[in-house]
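Taking it in order: structure first as structure tokens, then the write-up.
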Amino acid sequence: MPFTDSLRERIDLIVSGSETRQSALIPVLREIQNEFGYLSNESMEETARILGIPPSSVQNVATFYTMFFRKPVGEHVIWLCRTLSCALRGAEHVEHYMCERLGVKTGGTTTDGKITLMEAECLASCGTAPVMLVDDKLEENLTKEKVDRLIEGLRKG
Amino acid sequence: MPELRILRTYVDVPDSHTIGSYISRGGYTALPKALGMKPDEIIETIKKAGLRGRGGAGFPTGVKWGFIQRDSKKPIYLCCNADESEPGSFKDREILERDPHQMLEGIIIGCYTINSHKSYIYIRGEMPYGAGIIEGAIREAYEKGYLGKNILSSGFDLDVVLFRGAGAYICGEETGLLESIEGKNGEPRPKPPFPAQIGLFGCPTIINNVETLACVPHIINRGPEWFSSIGIPKNTGTKIYGLCGNVNKPGLYELPLGIRLRDLIDEYGEGIPGGRSVKAVSPGGSSAAVLSADELNITMDFDSLAAAGSMLGTAGVTVMDDSTCMVRVAQNLAHFYRDESCGQCVQCREGTWWLEKMLTNIEEGKGRMEHIDTLLDACYQMRGTTICALADGCAMPIESIVKKFRHEFEEHVRLGRCPFERKTLGEWM
Ligand SMILES: Cc1cc2nc3c(=O)[nH]c(=O)nc-3n(C[C@H](O)[C@H](O)[C@H](O)COP(=O)(O)O)c2cc1C
Ligand code: SF4
Ligand code: FES
């Protein structure tokens, strides 16, 4: 997937606003993932070329941070919190229920390519547990009904 | 007793995140005052107020700011730590989303004090909504002339940049955060040198927590005596306590430092659901040693919790009721730290992995009695020997759980299975 002119412009803008070329890397990878949904080997190589940094350094960073995907994911990504406060309020049940409803294992994508279910560590919303991040939106105080409604919405959307 | 709200006063008001709302209630009036003070005067004021860092360690903020050599030839940076990822903590997110200008005003005052002209706000990648709010707040502050060149005609210039993380707890550790801004893996640096000498891009740097910085304009406006009159000696001001887990009314409560843990749970959290009782409490984010039900009279401040072998940390309080399997709790936490270890130190990389494996074995009934002491030994090996405090943050809660709830571990081994009926940590309502 070649970088479009508009993506190149956005990358150049990030680079020009960064103190070093290396320090543009994380914002640039975020931008590329926004565009393509994940970071392919080609995009990472292109990133290394644009920033003038070693490809290994790009690979390293893309592997270190959990929100970077190196394989295609669903149209929508769900990050379900598994950590203690959510677990005390039923996160394991939520996970089980969602896997069943979606027909996937955690980490997997529905066969229609719509939804990827990921496990998250504490999302800083323990007071309204259990919670999950659905794309850019935090969903709190999850109930079965709420989960059903959300999945329905994503499938249609 | 109602809360004593300073930082949370307006969080329930519509549009409280906007600069208009903030200014209408006296926001950005501390800034001109501060710009009229000498940096040393501001440092003295913050010291006198007794403000201690709200990011976990409770280090005196005025002292930290004093470490910066203000006439440095290199640029000086202030980084606001908005990575909030400590399990049980959710206080910074509210400030970021609901009333961010108090933090931004604190950043500007802090930068003026340490002679910094560039500041980064490092927000975790999983806070897209908060990131949008902060972007808006920064834009508003530029438009009103609180950021940019010659702020309020004082001759002081400052740029503030939002930096979004991409998912890594370790980037909340202050030097992991710096590495991340530099475009690298968030691998903490050995200290010394401390960031105040060699920090971001090799330059002098101060890192402060969101809540710490949000306190600053209030102190400048109302005076250090006012701030230090709240709380108890050496632990002054209010603290935003987060209450979660098995309580009837989880949520955030802003109260003076030094409130009794029992009152927090019973009065504000309205007790435990289903008529159950408390078994254990994690008082300060998951990295703090766990307290048992007979320790609830402790007061929630830096020094009392340290004296009890735990810590106030982020004051995120997780309550576990008497139906909770403590082996599972330890296993859940070990999983978190294993997941989040950056892997630089062998003791941490292997220790967290090994603890999770041992705890899983015990939970599944495959453990032996001698494994219980091996767990304690492993925790001991992880403490005080690594580059950063993540390893300690894993060892401390697990060691305390094994010590205080040893009988549960023994019962798992004796029965060859988990003695609890429920096969999960909690129930889903
Ligand atoms: C593993 C680890 C994670 C941390 N995460 C955070 C965090 O998310 N937010 C934060 O403010 N401080 C965090 N800290 C503490 C910071 O290193 C640092 O002490 C703090 O930001 C300083 O701010 P303060 O002096 O205002 O408290 C963490 C520390 C460790 C060891
Ligand atoms: S203690 Fe753990 S997280 Fe900290 S630097 Fe060492 S390996 Fe990384
Ligand atoms: S444990 Fe799930 S949000 Fe904190």
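The values are calculated or read from the model by the stated rules, or taken from the named source; none is laboratory data. Everything quoted here is computed from the prediction, not taken from an experiment. Note: ideal-geometry Cβ built from the backbone for every residue, glycine included; neighbour counts use all protein chains shown. Surface areas here come from the heavy atoms of the whole protein model, side chains and all, with no ligands, DNA or RNA. Shrake-Rupley method; radii C 1.70, N 1.55, O 1.52, S 1.80 Å.
Of all the numbered requirements in (1) open to solvent by 40 Å² or more (accessible area, probe 1.4 Å); (2) within 19 Å of A:Leu84 (Cβ to Cβ); (3) more than 14 Å from every other protein chain (Cβ to nearest Cβ), B:Asn297 misses one, and that requirement is (2).
Show the residue pairs that are 6+ apart or on different chains and have beta-carbon atoms under 6 Å apart, the first residue being within segment B:70-87 and more than 9 Å from chain A (Cβ to nearest Cβ) and within 16 Å of ligand 2 (Cβ to nearest atom), the second being open to solvent by 30 Å² or more (accessible area, probe 1.4 Å) and not in a loop (DSSP other than H, G, I, E, B). No pair meets every condition. Scanning segment B:329-352 for residues that are buried (at least 24 other Cβ atoms within 10 Å of the Cβ) and farther than 19 Å from B:Gly88 by Cβ gives B:Cys348, B:Gly351.
For first residues located in segment B:220-246 and among the polar types (S, T, N, Q) and within 16 Å of ligand 3 (Cβ to nearest atom), partners that are open to solvent by 20 Å² or more (accessible area, probe 1.4 Å) and part of a strand (DSSP E or B) and lie 6+ apart or on another chain with Cβ distances below 9 Å form the pairs B:Asn246/B:Val278; B:Asn246/B:Lys279.
Does B:Lys249 count as closer than 18 Å to B:Pro2 by Cβ, open to solvent by less than 20 Å² (accessible area, probe 1.4 Å) and either more than 13 Å from every other protein chain (Cβ to nearest Cβ) or away from ligand 1 (no atom under 16 Å from the Cβ) (or both)? Considered against the rule, which asks whether it is closer than 18 Å to B:Pro2 by Cβ, open to solvent by less than 20 Å² (accessible area, probe 1.4 Å) and either more than 13 Å from every other protein chain (Cβ to nearest Cβ) or away from ligand 1 (no atom under 16 Å from the Cβ) (or both), B:Lys249 comes out as no. Residues in segment A:55-67 include at least one that is crowded, with 23+ Cβ neighbours inside 10 Å, more than 30 Å from B:Glu97 (Cβ to Cβ) and within 14 Å of another protein chain (Cβ to nearest Cβ). For segment A:97-119, taking the residues that are open to solvent by less than 10 Å² (accessible area, probe 1.4 Å) and either within 23 Å of B:Pro87 (Cα to Cα) or among the basic types (Lys, Arg) (or both), the one that is farthest from the other protein chains (Cβ to nearest Cβ) is identified as A:Leu117. Residues in segment B:46-87 that are within 23 Å of B:Met127 (Cβ to Cβ) and of a type in the set (A, V, I, L, M, F, W, C): B:Ala57, B:Leu78, B:Cys79, B:Cys80, B:Ala82. Within segment B:303-328, the residues that satisfy the criterion of being within 19 Å of B:Gly242 (Cα to Cα) and surrounded by 24 or more Cβ atoms within 10 Å (Cβ to Cβ) are B:Leu305, B:Leu312, B:Gly313, B:Thr314, B:Ala315, B:Gly316, B:Val317, B:Thr318, B:Val319, B:Met320. For segment A:75-96, give me each residue that is more than 7 Å from every other protein chain (Cβ to nearest Cβ), assigned to a loop (DSSP other than H, G, I, E, B) and near ligand 3 (Cβ under 8 Å from one of its atoms). Scanning segment A:75-96 gives a single hit, A:Arg82.
Among the conditions (1) within 13 Å of chain A (Cβ to nearest Cβ); (2) at pLDDT below 95, the only one that B:Thr385 does not satisfy is (1). Can you tell me which residue in segment A:1-47 is nearest to the other protein chains (Cβ to nearest Cβ), limited to those that are farther than 26 Å from B:Ser119 by Cβ and in contact with a Ser or Thr (Cβ under 7 Å, 6 or more places away or on another chain)? My answer is A:Ile32. Answer yes or no as to whether B:Ile206 is under 27 Å from B:Ala34 (Cα atoms) and within 16 Å of ligand 3 (Cβ to nearest atom). Here the answer is no, as B:Ile206 does not meet what is asked.
Taken over segment A:105-157, the criterion of being more than 16 Å from ligand 1 (Cβ to nearest atom) and small (Gly, Ala, Ser) is satisfied by A:Gly107, A:Gly108, A:Gly113, A:Gly127, A:Ala129, A:Gly153, A:Gly157. Of the helices (runs of 4 or more DSSP H) that lie entirely inside segment B:353-429, those containing 3 or more residues that are open to solvent by 70 Å² or more (accessible area, probe 1.4 Å) span B:369-382, B:406-415. B:Gly132 falls short on exactly one of the conditions (1) surrounded by fewer than 24 Cβ atoms within 10 Å (Cβ to Cβ); (2) touching a residue at least 24 places away in the same chain (Cβ under 8 Å); (3) at the interface with chain A (Cβ under 10 Å from one of its Cβ atoms), and that condition is (2).
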